[in-house]
Amino acid sequence: MSPKPVFQTLETLWAAMEPLGLPMAVMGGLALSTWKHVRATQDVDLLVGLVDSEPENIVRCVMDHGFRPKRTPPVSPLGPFQVLQLEFEPAESYVDVQVDLLLVDSEYHSRALERRVGVQLPDVSSEVFVLTCEDLIIHKLLAGRVIDRADSAALLRANRDALDMQYVGVWLSQLKLSGEFRKVWEEAFPGEAPPI
């Protein structure tokens, strides 16, 4: 799949959800390129802070813009969070793009959403927010998949000198991810001790 339907999906989703006033940020494959690591992706992943909103409001809002829930009920538990998985067919693309909304209200995720940065992504006409590089690394360590560990190592290599390692260290400790971070650091910088 070409990247254009993915960016069209993001643009439509962002425009649909922005009126809800919820803090949100792009995460996953689309956010990586902001931090000097490009990898192909075929889906859209957003981190969404629930604040005082109910997930059902989000479901209604996105369905009004052509998004379809993948499951019934649309919102499912994922550990301490909730996930809303959707599909969307951008105009004239003839393909369905998967959308994952991670609905959160934890202290860490609230802080990550406060720190998000505005960017202009290709083929998206308006500015969107992405997680900072530090928070993208932490988020990928939380996810724990092989691809996420590889992404974390690549982000460390590409952004090493610009990372706020004190911030990373605080959250690694609180989220009990220090061991995972050491493994990823070793993958990124073999034989070198992690700075935190």
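For region 70-85, a residue qualifies if it is crowded, with 17+ Cβ neighbours inside 10 Å and not in a strand (DSSP E or B), and exactly one does: Pro74. Scanning region 179-190 for residues that are surrounded by 16 or more Cβ atoms within 10 Å (Cβ to Cβ) and free of Cβ contacts under 8 Å to residues at least 40 places away in the same chain yields Glu180, Trp185, Ala188. Filtering Leu113, Leu101, Leu136 for residues that are surrounded by fewer than 21 Cβ atoms within 10 Å (Cβ to Cβ) and within 14 Å of the chain's Cα centre (by Cα) leaves a single hit, Leu113.
The residues of region 51-69 that are farther than 17 Å from Glu11 by Cβ, more than 18 Å from the chain's Cα centre (by Cα) and buried (at least 18 other Cβ atoms within 10 Å of the Cβ) amount to a single one, Val59. None of Ala158, Ala154, Ala193 is in contact (Cβ under 8 Å) with a residue 60 or more places away in the chain and surrounded by fewer than 18 Cβ atoms within 10 Å (Cβ to Cβ) except Ala158. For region 113-127, name all the residues that are touching a strand residue (DSSP E or B) at 6+ places or on another chain (Cβ under 7 Å) and either assigned by TED's automatic domain parsing to the domain that holds Leu175 or more than 18 Å from His37 (Cβ to Cβ) (or both). Selection gives Leu113, Gly118, Glu127.
Screening Val48 with (1) within 18 Å of Glu134 (Cβ to Cβ); (2) buried (at least 20 other Cβ atoms within 10 Å of the Cβ); (3) in contact with a strand residue (DSSP E or B) (Cβ under 6 Å, 6 or more places away or on another chain); (4) of a type outside the set (Asp, Glu) gives one miss only, at (1).
In region 86-174, counting only helices (runs of 4 or more DSSP H) that sit wholly within it, the ones holding 2 or more residues that are farther than 17 Å from Leu46 by Cβ and of a type in the set (Val, Ile, Thr) span 146-159, 165-174.
The values are calculated or read from the model by the stated rules, or taken from the named source; none is laboratory data. From a predicted model like this one, the values you see are computed outputs, not experimental measurements. When we count neighbours, we look across all protein chains shown, and the Cβ atoms used for this are built from the backbone with ideal geometry, even at glycine.
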